[in-house]
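See below for the structure under consideration.
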Amino acid sequence: MTSASAISTNGLAAGSGDANSTISQPFLRSGSGILPVSPVSSPLAFGTGVNSAGSVVGYEFSVDFSTFRAFLNDASAKYLPLLAGGTNNAATGINDLGTVVGYSATGSASEMAFVYSGGVARQLGTLPGGTTSRANAVDNYGNIVGCSDTGSDAALHAFLHSGGIWTDLGVRSGYQWSEATAVSSNQVAGTLNDPFGGTTAFLWTAASGMTALGALVPGGNSQAFGVNAAGDVVGSSDGAAFLFHDAQMIDLATRVLSSRGWQLSEAVAINNLGQIAGTGTHNGQAHAFLLSPTALHRSRPRQRKSER
Amino acid sequence: MKYTRRQVFQRLAAAAAASATSRGAYPATIYSMPGLYPGRVIGVKHADSSIAGAYQTLPIQTMMQRGMMELTGAPNHGMAWSKLFSRNDVVGIKVNPNGISSIVSSKAAIDGITQGLLLAGVAPGNIVICDRNRVQLNGIASLLPKWVRQAAASWDWSDDQTEIAGYNPNHEPGVSGYNPRYYVDCPGYLLPWQSPSNPSHTRSYVANFVTQVTKIISLSVLKDHQTAGVTLGLKNLCQGCMNNVNRAHPATNTNYLQWYVPTVVSQPIIRNKVVLSIIDGIHGLWNAGPHGLQDFVWDHHTMYFGTDVVAADRIAWKAIDAQRLLAGLPSEESSGADPYDAWTIRQPQHITQAGLMGLGKFRDEDIGYRLVTLA
């Protein structure tokens with residue numbers, strides 16, 4: 001069993017898996033195949049992010065399962081330092097500059113988002129008045145997204161942290177809390193959660209605000225996990241991977257030229273080349289997948305002049 | 001037609017259940033009770049799961065992996081958990097910390113569940129160990145992963161737990177309380193000093209931890225109970241997720257649990273969030289429950305798995321009755337008080353009643369039980 005978690009700007013993928021699935025180990029999928037990632041000294045570890053240099057981040061549990069620690073595998077494999085008072089941390093994303101984001105936790109208490117860069121981990125903070133936060137992704141401009149509580153609301157709100165400025169992306173009417181899971185050039189994707197366990201994927205931009213993306217089936221649920229600079233969003237809707245493109249949510253399986261034996265259950269990341277990483281089942285076994293657009297179907301994301 | 005005093009009482013109690021009303025909607029999903037596999041129960045037995053009374057981690061991990069794979073039909077452990085949970089879930093694990101150390105939720109079982117959830121993509125911060133009582137939860141704190149979140153609805157136990165904030169006389173931290181939006185109103189079941197005109201006495205409110213998670217796993221222990229007859233998945237959920245529950249057995253000769261348990265568990269926010277029941281029967285308790293005496297603990301070496309809480313309870317109930325028969329005791333259903341259990345009426349029929357209310361399969365012919373023996 002393997003599952004994908006991230007894709008880099010040049011198509012490297014990261015995830016987790018193991019031959020017998022009683023344990024989980026992070027992997028990097030590159031042109032030379034699937035490679036194990038270190039440091040991993042525990043039978044339970046997860047890869048969560050990858051950049052174009054092939055650096056992989058994630059977290060692993062101690063052998064006695066009592067703590068978990070964020071790791072970064074770049075030129076040298078290392079564990080990331082804990083924030084002051086922290087006992088656990090997890091890395092959730094990395095950009096091409098090597099900036100890592102994640103969260104640090106104190107025992108079983110609340111979490112705090114962190115940013116790691118240049119060998120130093122610092123607390124990112126929270127939305128105004130908040131006490132807890134989690135960072136889920138960082139793009140090549142240093143934009144960070146995640147969720148935080150606020151001074152006026154104990155429920156979590158999706159946030160964008162850009163250039164030192166916090167933006168509360170809010171919670172649409174009828175929903176209880178929101179979480180941003182992906183960012184690319186100020187396009188933010190995430191999920192709205194209603195009080196009844198229902199979920200709806202969203203896309204947020206500064207110009208349009210938060211747009212609910214609906215679901216593949218009427219009245220269904222959806223969650224967004226990835227977004228690219230063109231505003232294409234990927235995720236999962238009622239057990240099927242979706243692509244939101246040109247204002248339409250599409251069952252990703254309908255866009256795959258050769259999908260015999262595959263069921264695509266979730267798409268977790270999309271890059272500016274239109275490549276999509278996700279997880280599905282093939283002949284009854286769970287496998288990570290990587291889809292690359294054909295010339296006919298390639299979407300052309302809007303490029304910013306400063307795009308790295 | 002003449003009724004006995006007991007029959008009259010039973011009819012009145014049933015009528016009280018029928019008059020119960022609830023507040024707080026929560027929509028059903030494909031995972032809602034009885035879940036993805038109605039009537040399917042898997043037992044996994046491993047003779048090395050306990051040695052000299054000590055839980056053995058590796059055999060228990062193997063049992064849990066096999067049990068989940070057999071239940072879901074998945075080819076491996078990770079996929080089995082992925083059938084029920086996904087990366088967007090916040091999962092509450094309702095443990096059972098009440099009793100002597102050999103019959104409370106074990107570290108091996110809790111670790112097995114949390115590891116399965118992690119394999120399914122659930123974030124560590126989205127796994128919550130839940131119980132109604134902080135003091136009891138503290139009793140097993142050393143068994144819990146240090147990183148895992150914990151939620152307790154009240155600080156300690158009292159006869160009359162009607163505080164919305166949770167019974168917490170010394171204002172201790174770490175108590176999450178109950179939610180006024182979700183309750184069941186049963187004015188027919190009251191403690192002697194409670195008033196039918198006081199809503200906080202007639203209502204049982206749902207614990208906040210129930211409202212804050214997307215899915216719930218019941219991790220119960222195979223145990224006798226002097227009022228419920230057995231305390232398994234349904235009882236674990238009922239008494240653990242609501243306040244003001246002692247009114248369901250207000251005196252040693254008065255017992256409403258047969259109706260109260262299924263009435264509570266059928267509340268939409270509970271029945272529609274509970275997706276998996278695991279009954280830890282590595283050790284079983286055949287008398288003097290729920291707290292227990294070591295003299296009544298036996299090595300059963302078996303764990304039960306089901307999405308159908310009722311069906312799993314029915315199978316486990318039979319295992320306890322079989323052990324009682326070996327010990328020369330009557331079945332739970334026909335048993336009354338004894339030197340170790342003061343209550344005169346036991347009501348394992350709460351399982352039957354739950355089935356009649358559509359919470360799951362309770363007739364033996366509707367249950368597909370399979371026992372897998374590993375060693």
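Observations
- Among residues of region B:68-82, those that are in contact (Cβ under 8 Å) with a residue 24 or more places away in the chain and either at the interface with chain A (Cβ under 10 Å from one of its Cβ atoms) or in contact with a strand residue (DSSP E or B) (Cβ under 8 Å, 6 or more places away or on another chain) (or both), counted: 8
- Boolean, B:V206 is surrounded by 23 or more Cβ atoms within 10 Å (Cβ to Cβ) and either outside any strand (DSSP E or B) or modelled with pLDDT of 90 or more (or both): yes
- Residue match in region A:58-66 (condition: more than 14 Å from chain B (Cβ to nearest Cβ) and either touching a Lys or Arg at 6+ places or on another chain (Cβ under 7 Å) or in contact (Cβ under 8 Å) with a residue 12 or more places away in the chain (or both)): no
- Condition check for B:I164: aliphatic (A, V, I, L, M) and open to solvent by less than 10 Å² (accessible area, probe 1.4 Å): no
- Looking only at region A:41-52, residues that are without any contact (Cβ under 8 Å) to a residue 40 or more places away in the chain and either open to solvent by 40 Å² or more (accessible area, probe 1.4 Å) or under 13 Å from A:T99 (Cα atoms) (or both) come to 2 in all.
- Checked against (1) open to solvent by 10 Å² or more (accessible area, probe 1.4 Å); (2) over 15 Å from the mean Cα position of the chain (by Cα), B:I269 meets all criteria but (1).
- Test: residue in region A:253-263 that is open to solvent by less than 40 Å² (accessible area, probe 1.4 Å), away from chain B (no Cβ under 12 Å) and under 20 Å from B:V122 (Cβ atoms): no
- With respect to (1) in a strand (DSSP E or B); (2) under 27 Å from B:N179 (Cβ atoms); (3) not charged (D, E, K, R), the lone exception for B:V261 is condition (1).
- Verdict on A:V120 being surrounded by 19 or more Cβ atoms within 10 Å (Cβ to Cβ) and closer than 15 Å to A:I94 by Cα: no
- Residue, nearest to the other protein chains (Cβ to nearest Cβ), within region B:100-153, restricted to residues that are of a type in the set (K, R) and part of a strand (DSSP E or B): B:R149
- Residues that are over 20 Å from the mean Cα position of the chain (by Cα) and open to solvent by 30 Å² or more (accessible area, probe 1.4 Å), drawn from region A:53-78: A:S62, A:V63, A:D64, A:T67, A:A75, A:S76, A:A77, A:K78
- Residue check for A:S173: open to solvent by 40 Å² or more (accessible area, probe 1.4 Å) and closer than 29 Å to B:Y182 by Cα: yes
- Criterion (in contact with a Pro (Cβ under 6 Å, 6 or more places away or on another chain) and of a type in the set (D, E, K, R)) met by exactly one of B:D131, B:D111: B:D131
- Extreme residue, least open to solvent (accessible area, probe 1.4 Å), among residues of region B:288-330 that are free of Cβ contacts under 8 Å to residues at least 24 places away in the same chain and within 20 Å of the chain's Cα centre (by Cα): B:D321
- Some residue of region B:84-105 being open to solvent by less than 10 Å² (accessible area, probe 1.4 Å), over 21 Å from B:N208 (Cβ atoms) and free of Cβ contacts under 8 Å to residues at least 60 places away in the same chain: no
- Qualifying residue in region A:6-17 (condition: on the phi < 0 side of the Ramachandran plot, assigned to a strand (DSSP E or B), at the interface with another protein chain (Cβ under 10 Å from one of its Cβ atoms) and among the polar types (S, T, N, Q)): yes
- Residue count for region B:35-67, restricted to those that are in a helix (DSSP H, G or I) and either open to solvent by 20 Å² or more (accessible area, probe 1.4 Å) or away from chain A (no Cβ under 11 Å) (or both): 10.
The values are calculated or read from the model by the stated rules, or taken from the named source; none is laboratory data. Fair warning: this is a prediction, and the values are worked out from it, not measured in the lab. Virtual Cβ from ideal backbone geometry, glycine too; neighbours counted across all protein chains shown. Heavy atoms of the whole protein, side chains included, go into the accessibility calculation; ligands, DNA and RNA do not. Shrake-Rupley method; radii C 1.70, N 1.55, O 1.52, S 1.80 Å.
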